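Novice: There's a structure below that I have some questions on.
The values are calculated or read from the model by the stated rules, or taken from the named source; none is laboratory data. Since we're looking at a predicted model, the values are computed, not measured. Cβ coordinates were reconstructed from backbone atoms using ideal geometry, including for glycine residues, and neighbour counts include every protein chain displayed.
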Amino acid sequence: MKFTPYRGLTAIAAAALVLTSACAPADSEGDAKPKSASALADCKPATLPLVKPGTLTIATDDPAYDPWFSDNDPSNGKGFESAVAYAVADKLGFANGKVTWVKAGFNQVIQPGKKPFDFDINQFSILPKRAKAVDFSTPYYSAAQAIITLKGSKYAGATSLADLKDAKLGAQIATTSLDAISNQIKPTAKPLVYDDTSKAAQALQNKQVDAIVADLPTAYYLTSAEIDGGTIVGQFQPTKGKQDTFGLLLSKGSKLTPCVSAAVDALGKDGTLDRLEKKWLNQATDVPELK
């Protein structure tokens, strides 16, 4: 999923992101299996098939938004995806000075063809259709679910999923969000189901439901651009259903993909990804965790 930042969203950016955003249907995206990892110890800068020998060339979109980047400067190491990119570079043996950033549009890079970069980091959901044209690393982020309501709602101050038990909830059909309502919140009233998240958002705006559930990236977008007076109550990790996951994007068939996946896997195993997510996505965006 490519989604909007929760602050500073422009109308143009929002429109562009709508074209590339959607909640993760639980049964329609299948498994776009990322390339399996290589042994990280075998991945050395001198032997990697790089666009520019000795330098790791990383791409992202322009502008690059918070909280994924900071100040539209991916090279400053601030923001979740900038920090992840440098962490991957470090695992592959590149010092910060050996990393070069280039700009690349989202809709262009998901098309087939050789890329002018080693990998791109830009909230790319790992989807089967895209995986026919490009490679993805193993996931570096799994989207949490989020509760969205209107400011002033009695549910705006909920601090736990149990606080939402009596709420009239809605979500897009066949999504992890709907599964989360049924399996984790277990409201007393049957949830209302919508064809897409925009219709669910409209139902919330019209006060036909007390709150809706969507993945966190979509929640940022909806509360920034679609729901007047919308607010994110909190986030939680789904326990069932297929999550929307983000992967680094590479040219289809790139010999670099296994090494990049190995670096991502190592960052997951040593806790770096969790630490960066808490620092740049949870703490920086002030979206509380609901238990």
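Novice: Answer yes if at least one residue in the stretch 200-208 is touching a Gly at 6+ places or on another chain (Cβ under 6 Å), modelled with pLDDT of 95 or more, over 18 Å from residue 221 (Cα atoms) and assigned to a loop (DSSP other than H, G, I, E, B), and no otherwise. If you could, list the steps in order and put the result at the bottom.
Specialist: The initial filter retains those residues of the stretch 200-208 that are touching a Gly at 6+ places or on another chain (Cβ under 6 Å), namely 200, 203.
Narrowing the set further to residues that are modelled with pLDDT of 95 or more leaves 200, 203.
Checking the rest, the ones that are also over 18 Å from residue 221 (Cα atoms) come to none.
Scanning the stretch 200-208, I find no residue that is touching a Gly at 6+ places or on another chain (Cβ under 6 Å), modelled with pLDDT of 95 or more, over 18 Å from residue 221 (Cα atoms) and assigned to a loop (DSSP other than H, G, I, E, B), so the answer is no.
Novice: Taking residue 258, is it more than 12 Å from residue 141 (Cα to Cα), outside any helix (DSSP H, G or I) and in contact (Cβ under 8 Å) with a residue 12 or more places away in the chain?
Specialist: On the way: more than 12 Å from residue 141 (Cα to Cα): yes; outside any helix (DSSP H, G or I): no; in contact (Cβ under 8 Å) with a residue 12 or more places away in the chain: yes.
For residue 258, the condition - more than 12 Å from residue 141 (Cα to Cα), outside any helix (DSSP H, G or I) and in contact (Cβ under 8 Å) with a residue 12 or more places away in the chain - is not met.
Novice: Would a scan of the stretch 264-275 turn up a residue that is over 12 Å from residue 138 (Cα atoms) and outside any helix (DSSP H, G or I)?
Specialist: The first filter runs over the stretch 264-275 and keeps only residues over 12 Å from residue 138 (Cα atoms), leaving 269-275.
In the following step, the residues that additionally are outside any helix (DSSP H, G or I) were identified as 270-271.
Yes.
So that you can scan it fast, the table gives a plain yes or no per residue for (1) more than 19 Å from the chain's Cα centre (by Cα); (2) crowded, with 21+ Cβ neighbours inside 10 Å:
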site	(1), (2)
228	yes, no
232	no, yes
263	no, yes
272	no, no
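Novice: Which residue pairs have Cβ atoms under 7 Å apart, sit 6 or more places apart or on different chains, and have a first residue in the stretch 107-123 that is in contact (Cβ under 8 Å) with a residue 60 or more places away in the chain and a second that is in a helix (DSSP H, G or I) and aromatic (Phe, Trp, Tyr)?
Specialist: 122/106
Here's the yes/no breakdown for (1) modelled with pLDDT under 90; (2) part of a loop (DSSP other than H, G, I, E, B); (3) of a type in the set (Lys, Arg):
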| site | (1), (2), (3) |
| --- | --- |
| 14 | yes, no, no |
| 34 | yes, yes, no |
| 47 | no, yes, no |
| 50 | no, yes, no |
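Novice: Next question, about the same structure. Residues that are at pLDDT 95 or above and in a helix (DSSP H, G or I): does the stretch 228-243 have at least one?
Specialist: Scanning the stretch 228-243, I find no residue that is at pLDDT 95 or above and in a helix (DSSP H, G or I), so the answer is no.
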